[in-house]
Amino acid sequence: MPQENNEREYILNLQRYLRQLSVTEPLLKTPPPDGIYDTATQDAVRTYQQLRGLSPTGRVDFETWTRLYEDYLASLNRQARSEGFYLFPDGPNNFAIYPDDEDFLVTIVQYILNELRVAYHDIPQNSQSGIYDAETRQGVLTFQRRLGLAENDRVDRATWNALVREHDRLLNENEQ
């Protein structure tokens, strides 16, 4: 029984790798992730081997497994989202960006507001000057209003987090 479980897990991993690679390789048909080495899995292995210049036996030898796993990891890395970059200060707790502030954080807020204009047409264009000017203030207030945040014309942690979340959401929508 333990050997049977190991074999099933091995086949599930094989099927997972093939399915991942099929995202960017249209000729590679995806086998069902059921842990059963049936004709669909064998055909997918054979196609993978042909695409990589390996002998198309439909059996997974050491070379096929090694190449498949390397390709799988490379595919994951290519499709991975970038890691977050946290710029908003952790403290003090009441930190905020206010009108007339001049800071690189203001430039980032201006950039995000400009990007959000794709979805929120009522946010005004701003110059990304790094100066919290009247256009930036209007953009922040409009954004706060649309998302039901306190309309206080400052970028506090709640507004910053909402800006970043909306920006990420729009990026994810555009990637799909």
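Go through region 17-34 and give me each residue that's touching a Pro at 6+ places or on another chain (Cβ under 7 Å) and touching a residue at least 40 places away in the same chain (Cβ under 8 Å). Spell out the reasoning first.
At the first step, the residues of region 17-34 found to be touching a Pro at 6+ places or on another chain (Cβ under 7 Å) are 18-19.
Leu18 - this is the single residue of region 17-34 that is touching a Pro at 6+ places or on another chain (Cβ under 7 Å) and touching a residue at least 40 places away in the same chain (Cβ under 8 Å).
Would you check if there is a residue in region 92-112 being of a type in the set (D, E, K, R) and in contact with a helix residue (DSSP H, G or I) (Cβ under 7 Å, 6 or more places away or on another chain)?
Here is the first cut: in region 92-112, the residues of a type in the set (D, E, K, R) are 100-103.
Adding the requirement that they be in contact with a helix residue (DSSP H, G or I) (Cβ under 7 Å, 6 or more places away or on another chain) leaves none.
No, region 92-112 contains no residue that is of a type in the set (D, E, K, R) and in contact with a helix residue (DSSP H, G or I) (Cβ under 7 Å, 6 or more places away or on another chain).
Would you point out the residue of region 106-133, among those that are free of Cβ contacts under 8 Å to residues at least 24 places away in the same chain and not in a loop (DSSP other than H, G, I, E, B), that is surrounded by the most Cβ atoms within 10 Å (Cβ to Cβ)?
Ile108
Check Arg19, Arg46, Arg52, Arg8 and return the single one that is within 30 Å of Asn172 (Cα to Cα) and open to solvent by 40 Å² or more (accessible area, probe 1.4 Å).
Numbers: Arg46 fails: within 30 Å of Asn172 (Cα to Cα); Arg52 fails: within 30 Å of Asn172 (Cα to Cα); Arg8 fails: within 30 Å of Asn172 (Cα to Cα).
Criteria check complete, one pass: Arg19.
Results for (1) within 20 Å of Gln79 (Cβ to Cβ); (2) in contact with a helix residue (DSSP H, G or I) (Cβ under 8 Å, 6 or more places away or on another chain), shown as yes or no for each residue.
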residue: Gln15; (1), (2): yes, yes
residue: Leu21; (1), (2): yes, yes
residue: Glu25; (1), (2): yes, yes
residue: Asp34; (1), (2): no, yes
residue: Ala40; (1), (2): no, no
residue: Arg52; (1), (2): yes, yes
residue: Ser55; (1), (2): no, yes
residue: Asp61; (1), (2): no, no
residue: Tyr69; (1), (2): yes, yes
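For region 134-165: of the residues being open to solvent by 50 Å² or more (accessible area, probe 1.4 Å) and of a type in the set (D, E, K, R), which is nearest to the chain's Cα centre (by Cα)?
Arg165
What do you reckon, is Asp71 more than 30 Å from Thr142 (Cα to Cα) and out of contact with any Ser or Thr (no Cβ under 7 Å at 6 or more places or on another chain)?
Numbers: more than 30 Å from Thr142 (Cα to Cα): yes; out of contact with any Ser or Thr (no Cβ under 7 Å at 6 or more places or on another chain): yes.
Yes.
Tally time: how many residues in region 134-158 are under 14 Å from Ile97 (Cα atoms) and either modelled with pLDDT under 95 or assigned to a loop (DSSP other than H, G, I, E, B) (or both)?
7
Among the listed residues Tyr10, Tyr86, which satisfies the condition of being closer than 30 Å to Val155 by Cβ and without any contact (Cβ under 8 Å) to a residue 12 or more places away in the chain?
Details: Tyr10 fails: closer than 30 Å to Val155 by Cβ.
Matching residue, one of Tyr10, Tyr86: Tyr86.
Select from region 11-44 the residues that are part of a helix (DSSP H, G or I) and more than 28 Å from the chain's Cα centre (by Cα) and list them in ascending order. Steps first, answer last, please.
Taking region 11-44 and keeping what is part of a helix (DSSP H, G or I), we get 11-22, 39-44.
Residues satisfying the conditions are Thr39, Ala40, Thr41, Gln42, Asp43.
Quick test of your reading of the structure: Phe88 fulfils all but one of (1) within 27 Å of the chain's Cα centre (by Cα); (2) in a helix (DSSP H, G or I); (3) not charged (D, E, K, R). Name the failing condition by number.
Exception for Phe88: condition (2).
How many residues does region 47-58 contain that are part of a loop (DSSP other than H, G, I, E, B), of a type outside the set (Lys, Arg) and closer than 16 Å to Leu27 by Cβ? Steps first, answer last, please.
Just the residues of region 47-58 that are part of a loop (DSSP other than H, G, I, E, B), to begin with: 52-58.
With the extra rule that they be of a type outside the set (Lys, Arg), the set shrinks to 53-58.
Those left that are additionally closer than 16 Å to Leu27 by Cβ: 53-54, 56, 58.
The total comes to 4.
Give me the residue from region 59-85 that is assigned to a loop (DSSP other than H, G, I, E, B) and at pLDDT 95 or above and, out of that set, least open to solvent (accessible area, probe 1.4 Å). Even if it seems obvious, please write down each step before you answer.
Quick first cut of region 59-85, residues assigned to a loop (DSSP other than H, G, I, E, B) only: 59-61, 80-85.
Subsequent filtering for residues that are at pLDDT 95 or above retains 59-61.
On the way: Arg59: 155, Val60: 34, Asp61: 80 Å².
Once the filter is applied, the top-ranked residue is Val60.
The values are calculated or read from the model by the stated rules, or taken from the named source; none is laboratory data. Computed from a predicted structure; not experimentally measured. Heads up, the Cβs are rebuilt from the backbone with ideal geometry, glycines too, and the neighbour counts pull from every protein chain shown. Ligands, DNA and RNA are stripped out before the accessible areas are found, and what is left, the full protein with its side chains, is counted by its heavy atoms. Shrake-Rupley method; radii C 1.70, N 1.55, O 1.52, S 1.80 Å.
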